[in-house]
1. Only four residue types carry charge here, +1 at the Cβ of Lys and Arg and -1 at the Cβ of Asp and Glu. Report the dipole size of the range 2-422 about the Cα centre in Debye, rounded to the nearest 20.
2. Enter the Cα centre distance for the pair the range 179-208 and the range 133-155, rounded to the nearest angstrom.
3. Give a residue-ordered list of calculated ³J(HN,Hα) values for the range 118-124 (Karplus: 6.51 cos²θ - 1.76 cosθ + 1.60, θ = phi - 60°; whole Hz; x for Gly, Pro).
4. Mind checking the angle between helix 2-20 and the chain's longest principal axis? C-alpha axes, 0 to 90 degrees, to the nearest 10.
5. Determine, for each peptide in 352-364, 65-77, the mean count of other beta carbons within 10 angstrom over its residues, then list the peptides with the highest first.
6. Report the residue, chosen from Leu346, Leu51, Leu100, that carries the largest GNM mean-square fluctuation when the chain is represented by alpha-carbon nodes joined by springs under 10 Å.
7. For the chain, set up a GNM with springs between Cα atoms under 10 Å and report which of Ala155, Ala163, Ala386 has the largest fluctuation.
8. How do Ser309, Ser220, Ser234 rank when sorted from fewest to most other Cβ atoms within 10 Å of their own Cβ?
Amino acid sequence: MAALQTLVCVIAGVIFRLWLYRSFLPEWLSTRTEIVTPVTSWERAMEGISLKQSFISPYSGDLFHETPLMLRLLGFMSKFSQNSINLMFVAFDLVCAILLLKITKLFGGYLLVHQARSVKNYAPDVESLILRKEDLQTIQFFVTIAHAFNPYCIAACLARSTAIFDNMAILFTLYYLLKGDKIMCGCFLALSSYLTMYPLILLAPVAIYFYQRGNPSSESYTDHKALFSYTQISLITLAWLAAFLGVSAYLEESWQFLFSTYGFTLTVPDLTPNLGVFWYFFTNMFEHFRTFFICVFQINVIIYTVPLSIKLREHPVFLMYLLIFLIGIFKSYPSFADVGLFLCLLPLWKHVFSYMRNTFLVTCTFICSTVFAPILHHLWLYAGSANANFYYAVSLAFQLAEIFLVTDLLFAFLRREYDILHGKKHTTSDGSQGQVILD
């Protein structure tokens, strides 16, 4: 029955997207700065392809910022009719849905194996927190719902945002991680890093996971075996990444694309308004201080990797999810496509939802900021009855919702782990009821 419901949801999601393509929404959404960015815009991609067809390097100007391999793929897609291109994007979204289903199935097995390995350390009164196979069967249905009717995923698909390829590469990475395939996991991790650069930090949880998988009884993460395992998966990933870059340089006959892709992402020269915090801050920034604050802002993406890797070394899959979440928040050109990815994966942690405290606040903030963003953007740029502060306030509210959600999820996960190990009832030395505080 659950499998039938899942299939129905997937089919309904595909039909819903195809139906919406017949409306005015695709054209309108393709202009929305919350959905498409200078890096993921289909229109900019078509301009770059036109330059390439005119024997002009698309990387010679400040218009096209996709990688050379993506340029070839998009050029191939552009040869088809508009309806065919729409069908392709729906097909890519369907591939993401299938990957999510496979990831969910593998993740359920991973949770049960991890629980069986740790159950000897559990407190005696945590029977209600023990995961069972039937409890995990419903996760697949919720993940399907989270993708099929996710407004952020639907908007990215309708707008033909090229971020769908970035999300697909990350999902392939997670799939092959849970499957235990080092070569393919390293390949898709390198591909996702090649496309957007930021996912390279996911090498930390990937390395921890494969070491943990090969040494399930080991409690040390810094011995020579661990270092050898980390080095092995790092070399595999870097070799794939070097291959992608080498092929790109061969196709372009130069390394000029590096500055137009990764340099553009790092230096943030295009300050088109979006859901991030870069554009407003650097619009008002003196040029003398720009380099310093660019480094400060960009380091936010990677600075949390080390402390989270130390704290969550026993839970590399959850660590990987948190880093995917943080990339979507702190990258220089975020969009709804990034939000859609981590919301699709959120039901994987359904077993910790009961510990979350800010669900209502986060939900309301997401809804309000999503609705008000295009309204205030119109009032600012077209009606002239608002200013940039209004739109920036909505961007801050949206990022605040994301930060509340990720911190609440981290608290819920750690609190459940604490209860499993120490019991659900906590008393102080004098016998009174105790309170657990995340420090």
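Every number in this text was worked out from the coordinates using simple rules, so none of it is lab data. Quick caveat: nothing in here was measured; it's all calculated off a predicted structure. Please note: Cβ atoms are built from the backbone with ideal geometry, for glycine as well, and neighbour counts cover all protein chains shown.
1. On the way: 26 positive and 25 negative charges, 151 e Å.
Roughly 720 debye for the range 2-422.
2. The range 179-208 and the range 133-155 have Cα centres separated by 24 Å.
3. Here the 3J(HN,Hα) series is 10, 4, 5, 9, 6, 6, x Hz.
4. In the chain, helix 2-20 runs at an angle near 20 degrees to the longest axis.
5. Values: 352-364: 14.3, 65-77: 19.3.
My ranking of the peptides, most packed first, is 65-77, 352-364.
6. Leu51
7. Result: Ala386 has the largest fluctuation of those listed.
8. Details: Ser309 18, Ser220 10, Ser234 15.
The fewest-first ordering by Cβ neighbours comes to Ser220, Ser234, Ser309.
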